[in-house]
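The structure appears below as structure tokens.
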Amino acid sequence: MKRNWFIAFAVLLWLAPVLVAYRYWHVWQQLPVRLVSHFDAAGHANGWMPRETSLYFTLGTMTFVVAVFSLVLFLIARKYSLAKLSWALLAFFHLEVWMIAYMMNSILDYNLDGSPIAIAPFLLVTPIAVVVLLIVALAEKRGERLPVTVAPHNDAIVEEVHNGREWSALFVVLAAIVLLVPIQTGRLAMALVAIIMVLACATAWDGFHYSFTRHGVEIRTLGFRLKSIPLLQIKKYEVGNWNPLRGFGIRGIGNHKAYVWGNKGVRVEMFDGEVFLGHADPQRIVRDLNVITKHQR
């Protein structure tokens, strides 16, 4: 039943371009031959195009965005259990699509009667939504904290670290570029984006810490526990390659997660999901897993 509701709400994304097309049709005869189609961050017009081109461009862009979002949601509904992150992602896609639809409608109103356009709220909404989505992603399906015995030093066997410090430099550059963008109206939004980039930089620099204990594996970054893999849940594991097209950092939804900054690692299959542990030397991860699974026997 939940899956049916999820698919139904995903299909509703297609209502946005339909309504925008209807609005164009409804006011077509009242529109000027040449429309204002682009604005700067202060809401001042700085781009024009013929109304036919505006129609094709608007509907083409919205159709492409909705098609991509729909494909992602379809794959989620087909491959993964519908956890909180799945619904959060659905809500995020709706927010983005309807925000675009609202902006397109506002552009038509500007061309019809000169109604002002407020750009700043749109610049702020997406970064805030991204932060909320990240919080949901980090909190979802972490599992219970692994038990600690009376003598903790007997629990820990080894810790491996997988960082992406070359990515840190990229995030610093991106944060600097964002802060240097000469946009006065959206300074708060730009600052929020820069903060996200700085946090990404810190995460990549610190890396993913894999703590192998007698009870399983705990994954942390910046001291925050990302996921626990109980020893009894480990079914099998093997060295594998990571497809860069799937992105880097913390990836995946629900019980299928990846922690990776490179293209190599170990794929750990569990009874209730799968975890990919990125590492420059996957054999070390296999060796450590061999050690803790021996304790199971």
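The values are calculated or read from the model by the stated rules, or taken from the named source; none is laboratory data. If you're wondering where the values come from, they're calculated on a predicted model, not measured in any experiment. Side chains are part of the model used for accessible areas, which takes the heavy atoms of the whole protein and leaves out ligands, DNA and RNA. Shrake-Rupley method; radii C 1.70, N 1.55, O 1.52, S 1.80 Å.
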In Å², and per residue, what accessible area does the range 13-107 have when probed at 1.4 Å with the other protein chains present? 55 Å²
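Using a ≥ b ≥ c from the Cα gyration tensor of the chain (square roots of the eigenvalues), is it rounded, prolate or oblate, where a/c under 1.5 gives rounded and otherwise the larger of a/b and b/c decides, a/b for prolate? Can you show the working numbers first?
Numbers: a/c = 3.13, a/b = 2.09, b/c = 1.50.
Here the chain falls in the prolate category.
Just round it to a whole percent: the fraction of Cα-Cα distances in the range 15-65 exceeding 14 Å. Don't jump to the answer; show the numbers that get you there.
On the way: 729 of 1275 pairs.
Considering the range 15-65, 57 percent of its Cα-Cα pairs are separated by more than 14 Å.
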Please list the non-local residues whose amide H lies under 5 Å from the amide H of TYR237, H modeled 1.01 Å from N, same-chain partners needing a gap of 5 or more. GLU269
In whole percent, and with a 1.4 Å probe on the protein chains, what portion of the accessible area of the chain is carbon and sulfur? 66 percent
If I fit a long axis through the Cα atoms of helix 2-11 and take the longest principal axis of the Cα atoms of the chain, what angle between them do I get, 0 to 90°, rounded to 10? 30 degrees
Under 5 Å from the placed amide H of LEU35, counting only residues 5+ away or on other chains, we find MET49, ARG51
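Students often get this wrong, so check it: of LYS84/LYS294; LYS235/LYS264; LYS2/LYS257, which have C-alpha atoms separated by over 32 Å?
Working: LYS84/LYS294 35 Å; LYS235/LYS264 20 Å; LYS2/LYS257 22 Å.
Check vs 32 Å cut-off fails for LYS84/LYS294.
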Report ³J(HN,Hα) in whole Hz for each residue of the range 271-283, in order, from the Karplus equation J = 6.51 cos²θ - 1.76 cosθ + 1.60 where θ = phi - 60°; Gly and Pro get x. 6, 10, x, 8, 10, 9, 9, x, 6, 5, 10, x, 4
For the range 238-251, Karplus-derived ³J(HN,Hα) couplings (6.51, -1.76, 1.60; θ = phi - 60°; whole Hz; x for glycine and proline) come out as 7, 5, x, 9, 10, 6, x, 5, 8, x, 10, x, 9, 10
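For the range 200-248, report the accessible area per residue in Å² (1.4 Å probe, heavy atoms, rounded to an integer). Could you put the intermediate results ahead of the total?
Numbers: 2320 Å² over 49 residues.
Value returned for the range 200-248: 47 Å² of accessible area per residue.
Using a ≥ b ≥ c from the Cα gyration tensor of the range 194-297 (square roots of the eigenvalues), is it rounded, prolate or oblate, where a/c under 1.5 gives rounded and otherwise the larger of a/b and b/c decides, a/b for prolate?
Details: a/c = 1.83, a/b = 1.59, b/c = 1.15.
It is prolate, given that a/c is not under 1.5 and a/b is the larger ratio.
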Spelling it out for ILE157: with amide H atoms placed in the peptide plane at 1.01 Å from N, the residues 5 or more places away or on another chain with amide H under 5 Å from its amide H are PHE212, THR213, ARG214
Taking the chain as a Gaussian network, where each spring joins two C-alpha atoms under 10 Å apart, which residue of VAL33, VAL275, VAL20 fluctuates the most? VAL33
